[in-house]
Amino acid sequence: MTDAQGPHPFVRRHHWIVRITHWVTVVVLAGMITSGLQIYEAYARFGNRGGPYFPSALDGAQFPHWSRLGGWLGYLVKSGEWRALLFRPRDVPGALAMAAYYLRLRKEHPPQGKHNPLQKLAYSSIYALGVLAVLTGLSIYKPTQLGWLTALFGGFQAARYWHFWTVWLFVAFTITHVVLVFVVDPASLRAMITGWYRGRFPSHD
C-alpha cells in the first residue's frame, strides 16, 4: 500500500498473547453458540408448556446438525490492553465522525489510533453483553440456588429468552466485525495473525 508519502512501514501491532487468545476466543465462542443451539433444540420456545410464550420468530426452529455442538481477559487487564478498547466520553465526537464516514456523509476517513471510536464502542458493549450472557446463563443453570438472580430477569423462561437473544447479538457482532475488517482495514487481519501491521492506520492509541 502506498500514498503520496511512500509505502507504509511495517509496525508491531499485536502481542503474541493477544493473537493467540483472539483465535481461541473465536473457537470458544463458536463452541458456546453451537452448544447453546443444541440446548435450545430440546425445547424451542420461551414459556411454560400450556402457558403464554414470549414472542420469538424462532419458535419451534430446528437448526441444522452442523450448527449444533452436542483467560484471555486476564492478559488484557494485566497488560493494559483494555484501555485501547474502552470507549470514553471523549470518543463521542470521533464516533460520530466515523459513523458519518461509514454512511458516506464524510469523504475522508477520520484520524484514528489502533482502534477507531466506533470499534471502542462495540468492544465496550460486548463486555457488557458478556456479563449479561454469564448472568442469564447462571440463572437458568441454577434457578433454585440462584433464585434471586433468576427472579431479577423475570423468571426462568424470561432468563432463557434474554440468554438466547444475547447469543444472536454475539453472532451479529462477529459478522459485522469480520465484514468491516475486509472492507475497511484488511491489513488488520494479517496483524492479528503475525503481529505486524502495514496500512493507513497507526498501531498506537
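Taken together, the residues in region 76-110 that are open to solvent by less than 50 Å² (accessible area, probe 1.4 Å) and either part of a helix (DSSP H, G or I) or modelled with pLDDT of 85 or more (or both) amount to 10. Only one entry of THR166, THR136, THR150 meets the criterion of being open to solvent by less than 30 Å² (accessible area, probe 1.4 Å), more than 20 Å from ASN48 (Cα to Cα) and of a type in the set (Ser, Thr, Tyr), and that entry is THR166. Residues in region 65-75 that are open to solvent by 70 Å² or more (accessible area, probe 1.4 Å), assigned to a helix (DSSP H, G or I) and not aliphatic (A, V, I, L, M) were compared, and the one that is modelled with the highest pLDDT is HIS65.
The values are calculated or read from the model by the stated rules, or taken from the named source; none is laboratory data. Computed from a predicted structure; not experimentally measured. Note: accessible area is taken over every heavy atom of the protein model, side chains too, but ligands, DNA and RNA are not part of it. Shrake-Rupley method; radii C 1.70, N 1.55, O 1.52, S 1.80 Å.
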